[in-house]
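Following: one structure in structure tokens, then a few remarks.
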2 protein chains.
Amino acid sequence: MLTKQVRDGLATIVGEENVLDAPMDLVVYSYDATPDYQTLPDAVVKPRSTKDVANIIKLCNEFHIPLVPRGSGTNLCAGTTPLHSGIVMIFNHMNRILEIDEDNLTAVVQPGVITLDLIHAVEEKELFYPPDPSSMKISTIGGNINECSGGLRGLKYGVTKDYVTGLEFVLPNGEIVRTGGKLAKDVAGYDLTSLLVGSEGTLAVVTEATLKLLPKPEAKQTMLAMYSSLEAAGETVSSIIANKIIPATLEFLDQATIQAVEAFAGIGLPTEAGAVLLMEQDGPVEVVQRDMKKMKELCEAGGAFSVNVAASAAEGEALMQARRAALSALARLKPTTILEDATVPRSKIAEMVRAIVNIAEKNNVQICTFGHAGDGNLHPTCMTDVRNKEEMERVEKAFEEIFAKAIQLGGTITGEHGVGVMKSPYLAWKIGEEGVKAMAAVKQAFDPNNIMNPGKIFAKETRKRVMIQQ
Amino acid sequence: MLTKQVRDGLATIVGEENVLDAPMDLVVYSYDATPDYQTLPDAVVKPRSTKDVANIIKLCNEFHIPLVPRGSGTNLCAGTTPLHSGIVMIFNHMNRILEIDEDNLTAVVQPGVITLDLIHAVEEKELFYPPDPSSMKISTIGGNINECSGGLRGLKYGVTKDYVTGLEFVLPNGEIVRTGGKLAKDVAGYDLTSLLVGSEGTLAVVTEATLKLLPKPEAKQTMLAMYSSLEAAGETVSSIIANKIIPATLEFLDQATIQAVEAFAGIGLPTEAGAVLLMEQDGPVEVVQRDMKKMKELCEAGGAFSVNVAASAAEGEALMQARRAALSALARLKPTTILEDATVPRSKIAEMVRAIVNIAEKNNVQICTFGHAGDGNLHPTCMTDVRNKEEMERVEKAFEEIFAKAIQLGGTITGEHGVGVMKSPYLAWKIGEEGVKAMAAVKQAFDPNNIMNPGKIFAKETRKRVMIQQ
């Protein structure tokens, strides 16, 4: 509950119309796309400018009020839930593409820009912004930056951090810092830009970003390969990379996911297949043709019972849409869908998927797996019901075992979703207690009063843990 | 001067044979490639393992002894001079390539590996490690990581930070942290990997790195375009990028540099040209041929009086060697060579080069310019003599004006050399006092006793500054 002084202070900064605290508004911003995490904020505030952000953050810092910057709330780690109440900051008024610079191949954007709007805007100029999280139709660039969002094109093109070359951000003390710029090279001190990307709103509020663009690839082709066994599919992933081909997209869907997507989208996916690989290559026409031919051969040599190259761009796009619909398709099956992002070195994909199957069986829970096989970033997805406490305990146990297995294979607890609340108890598994302490020292240096998105990344307490078998 | 207790402690950790403190040894490690900075260390220590590093750093932390990690000392910002004496740590014993993983396209290396040795080792497996600082024949990967080294391939392929996916490092308290891994995606907490890369040895000692590799490009071609005027050359740089071509290398040499290189290497460079552009494209054969053809047309349309495509790989390599020899060639002309790396958005190259010419004339100093035009990273290089105090004042004045101009054009004070001692007085020009304060808070969080490479990045005092004209 904000004091009258703080409430009035906010209204003075942004205008009464940009401070929302009706019960309905508070409920709307009490949760994000992560199941089973909900806390009411005290108010929702819409800054109109960097100056507004600075004034709000100073007020929060003075009165030790939690501040949660939020894009569209599509994250899957409870990263934007207002765990300790306080203020949720949204960027509806700071949603402009400020510039697309064709000479320097850069864009300058405000945090509230929708990812797909940016992608379309640069494509009109024959340019390319590669990061494409599945939520890109509604996610914002600010949210993508806070979470270092990945996507289907990560294998060849990297993730959000690879495209942020400069930032403007506001520190908890209200100071405005500008880093980087339209620069391919800049080593003026520590790389605060990279530190901010993926910091989940726990260090500062990002108010502007300079993004690197690429020339738009001139051609693209899509291919679907069907397998009886998931091991064979996993081995094909390894053999494609080992043959020095880096496809733009190399996605994996297991049988349960295929069946759910087909039931949802009806696009003719082979529901009898044990697994499919969905591949895209882009680039110059000759390269696309050559790589697709070679990948087709490798799929066939790897035991695919059918390999189809999409006959047209529209057919290819339909296949990709099917993949992008996987979460929606699975979400129809049960009241609660928990989508994780355990990630392993790409050579360990088959082993990891098999382990997930075994862990699900052992704990008697329903887990489908799909994801970005080419970069080892899997999405084991559990269909469950949060109201069933006994089952939820088994679900949590299963995910703990999945995280432990990923770590054991040289992987990580989160490839692209972030730590948030959801994975904070497991962070030390990946980075060690020493690493968590180093991160906490950085947090303390930036935000001594712990107002920025408190309760995220750093676990309040360590949960009971599954032993990691070495 | 180390106490007997500390001196004995070091010998106990690494063995007497790995503690050097004869006067000759101290002189050898009292300076690096940066002119006019020299301080004797108290000892030079050669750890044999991460455990040795941890024990040394704990000893240093206990007794507040400065510790300077050093590769081959090729940096140009006085980044590895032992400004406050103490211990210089070198990695002759930690110089192994631990693994090249062809399935995951990664290499795991110790910090003492020579950059070119790694490049050759991965090329034998048809793989590619792109960062290629001009010093790569002798520079180490550890040094490259500390400085976030760039190189000639930065335009298309990025710099060192784009290839480090995991680190092992030792904190000043002796704790060992492992980040990242063989992972294309990892968002488990703050990106400490990126924070460490380019931190100039001021936060921790890097003891192992996991590096991303690419498939080796199948073809490469080299081309030289000669111009009467540097503006025309600069405009061609912009037009190549604006035509959506990203060459592997796009280098610029001004007339004075051309003449110095030709006198040094005698490879038939056109000493009458006002500027040359040296271009490379790599990739699939068809793409290389197409891009080279298009670039040739753009050079001719941009006013090049001659454009020659190297007839063979050997001829191309000779041209590239000429570019890599620029510093050596210029260094013959005068007793002291100061090579800077002011960087601007690539569309501002011509304007920046012209400004450098004017600034040199105005201050009556001799400055040649060459560098990575494609990524806006120029190397204005001054031939002078540090014994001439009056001239050195004019040199410093000229470089101040060059940094100010770079900032005014949206650039930075250092693209790839780092801040070190040399550019610390100018850091706030780029990042603001607020940014410097944020960086200092990170430094304090990692290294509360300020033992790690003290005196670097953060200026002890602010030098007299040239006003920045906005």
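The values are calculated or read from the model by the stated rules, or taken from the named source; none is laboratory data. From a predicted model like this one, the values you see are computed outputs, not experimental measurements. We place every Cβ from the backbone using ideal geometry, glycine too, and count neighbours over all the protein chains shown. Only protein heavy atoms, including side chains, enter the accessible area calculation; ligands, DNA and RNA are left aside. Shrake-Rupley method; radii C 1.70, N 1.55, O 1.52, S 1.80 Å.
A few comments on the model shown:
- GluC sites (Glu not before Pro) restricted to the range B:180-223 and DSSP loop, no more than 16 other C-beta within 10 Å: B:Glu218
- Ellipsoid semi-axes for chain A, based on the Cα gyration tensor and the rule √(5λ), read 37, 27, 20 Å when sorted largest first.
- Counts of other chain beta carbons within 10 angstrom of each beta carbon in peptide B:234-245 average 2.
- Filter on A:Lys334/A:Lys397; A:Lys125/B:Lys185; B:Lys161/B:Lys216 - keep pairs with C-alpha separation over 21 Å: A:Lys125/B:Lys185
- Buried surface for the A/B pair, taken as the accessible area of each chain alone minus that of the pair with a 1.4 Å probe, is close to 6300 Å² in total.
- Take every DSSP beta bridge whose two residues both sit in chain A; close to 90 percent of them are antiparallel.
- Listing of the range B:76-120 residues, each with accessible area lower by at least 10 Å² in the full protein assembly than in the chain alone (probe 1.4 Å): B:Glu102, B:Asp103, B:Asn104, B:Leu105
- Protein accessible area in the range B:329-446, 1.4 Å probe - carbon and sulfur %: 49 percent
- With a cut-off of 14 Å between beta carbons, the residues surrounding B:Asn61 carry a summed charge of -2, where Lys and Arg count +1 and Asp and Glu -1.
- For A:Glu123, the distances from its label point to the matching points in the remaining copies are 3.9 nm, ordered from shortest, with each point set 7 Å beyond Cα toward Cβ.
- Across the range A:97-215, the mean sequence separation of Cα contacts (distance under 8 Å, 6 or more residues apart), normalised by length, yields a relative contact order of 32 percent.
- Shortest first, B:Ala301 label-point distances to identical copies amount to 4.2 nm, with the label point at 7 Å from Cα along Cα→Cβ.
- Counting only other chain Cβ atoms within 10 Å of each residue's Cβ, the peptide B:64-70 averages 0.
- DSSP-loop trypsin sites (Lys or Arg not before Pro) across the range A:260-345, with at most 15 other Cβ within 10 angstrom: A:Arg332
- Heavy-atom accessible surface of chain B, averaged per residue, reaches 35 Å², computed with a 1.4 Å probe.
- Average beta carbon contacts from partner chains per residue of B:437-444, 10 Å cutoff: 6
- In the protein assembly as shown, a dipole from Cβ-located charges (positive for Lys and Arg, negative for Asp and Glu) runs towards its positive end, and of A:Thr165, A:Ala263, B:Ile176 it is B:Ile176 whose Cα lies farthest in that direction.
- The range A:396-464: GluC sites (Glu not before Pro) in DSSP coil with no more than 12 other Cβ atoms inside 10 Å: A:Glu461
- For the range B:329-446, the equivalent ellipsoid built from the Cα gyration tensor has semi-axes of 25, 18, 13 Å, listed from largest to smallest.
- Between B:Glu361 and B:Lys334, the simple spin-label model (points 7 angstrom out along Cα→Cβ) gives 1.8 nm.
- Whole-Hz Karplus values for the range B:293-300 come out as 4, 5, 5, 4, 4, 5, 5, 5 Hz, taken residue by residue from phi with 6.51 cos²θ - 1.76 cosθ + 1.60 and θ = phi - 60°; glycine and proline positions read x.
- A point 7 Å from Cα along Cα→Cβ stands in for A:Asn92, and the other copies hold the same point at 6.7 nm, listed in rising order.
- Diffusion constant of the protein assembly as shown at 25 °C, which comes from Stokes-Einstein with the Kirkwood Cα-pair radius and 0.890 mPa s, µm²/s: 86 µm²/s
- Computed over chain B, relative contact order equals 15 percent, with contacts defined as Cα pairs under 8 Å that lie 6+ residues apart.
- 37 °C / 0.692 mPa s Stokes-Einstein diffusion coefficient of the range B:219-322, Kirkwood radius on C-alpha pairs, µm²/s: 243 µm²/s
- Gyration tensor (alpha-carbon) shape descriptor, the range A:4-90, a/c threshold 1.5: prolate
- Charge tally for B:Ala329 (other residues, Cβ to Cβ under 11 Å; Lys, Arg +1; Asp, Glu -1): +2.
- Principal axis extents of the Cα atoms in the range A:50-185, from largest to smallest and rounded to whole angstrom, are 48, 30, 26.
- Here the relative contact order of the range A:4-90, from alpha carbon pairs under 8 Å that lie six or more residues apart, stands at 35 percent.
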